[in-house]
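Notes for the one structure printed next.
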Amino acid sequence: MRLELVIGIVVAVALVAYLAGRRFGRHSGDAGEPDYARRSAIASGTPAGASTAAIDDALRDELRALSQRGKKIDAIKRLRKATGMGLKEAKDYVDEL
């Protein structure tokens with residue numbers, strides 16, 4: 001085989017592996033992989049992406065009231081709008097109230 005052909009095949013295989021990894025969330029740095037900081041933040045009650053300053057007592061009380069009335073989806077929407085938090089983090093936060 002010619003050297004150029006072998007190098008081309010190796011590059012093509014590497015590219016396919018890289019793209020497949022990105023597609024299925026296995027590429028390092030991909031947002032699909034849970035990181036320790038996010039898991040730690042959720043465990044501590046402060047979801048990632050949410051500033052504790054952005055969730056004041058009034059907002060927390062409003063979210064709790066919505067959740068207790070069975071309007072968890074509305075509470076999640078309200079929290080995401082107020083903080084810019086991701087869907088999973090907002091759901092986890094509301095579930096913890």
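FYI, it's all coordinate maths here, none of it is from the lab. Every value quoted in this text rests on a predicted model; they were computed, and no experiment measured them. Every residue, glycine among them, receives a Cβ derived from its backbone with ideal geometry; neighbour counts consider all protein chains shown.
From most to least packed by mean Cβ count within 10 Å, the peptides 11-20, 61-70, 78-87 give 78-87, 61-70, 11-20. Here the convex hull built on the C-alpha positions of the stretch 51-97 has a volume of 59 cubic angstrom per residue.
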